[in-house]
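Chemist: Before I ask anything, let me first share the structure, which is written out below as structure tokens.
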Amino acid sequence: MTAPHCCLPLVIVAAALLAGCNPAAKAIGTWEVDVDRARAAIPAAGESPLTSLLANAALFVPMKGELAIKADGTWTSEVGLAANLQSQSGTWRFLKAEGSTLVLMAKRAAAEEESEFKLQFVDDDHVDASGILGNQGLPLKRKKEA
């Protein structure tokens, strides 16, 4: 094989791998409120009253906060305290990546407009989500399937 021909298989493999790369793929899964990280943020609650409220409520009342981001471009969420759960659903799409942050656009079912939300990855299993509940930040962790 001549020099250009010996590199051709490497180029083909690299192109195939790059074509399969999807930055939004790491967002796929079920995320739940990270109560431990929310509790740790209580002293700085002036920045995020919602985080403080959720962390304090979780001390006394069973709380559930889940966001499922699905590969088919849909999402569902279930949030509430004790037996008072509220569910929502809709569609989402990848907008862009900004370093370790994914910027997604989401649209609630029956809504006409999309809204932006961000997932800033702390690591593969922990994110700081913003734009989901207004401008409030919310620590989430990847839910481990039993």
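Each reported figure results from applying straightforward, stated rules to the coordinates on display, with no laboratory input. What you are looking at is a predicted structure, and each value in this text was computed from that prediction instead of being measured. Note that each Cβ is placed from the backbone with ideal geometry, even for glycine, and that neighbours are counted across all protein chains shown.
Chemist: Across the stretch 71-77, in residue order, what do the Karplus-derived ³J(HN,Hα) couplings come to in whole Hz, using 6.51 cos²θ - 1.76 cosθ + 1.60 with θ = phi - 60° and x for Gly and Pro?
Modeler: 5, 7, x, 10, 9, 9, 9
Chemist: Working from the alpha-carbon coordinates of the stretch 73-141, get Rg over Rh, Rh being the Kirkwood radius.
Modeler: 0.98
Chemist: Grab the beta carbon distance between S87 and E116, set R0 = 30 Å, and tell me the FRET efficiency rounded to 0.05.
Modeler: The calculated FRET efficiency here is 0.85.
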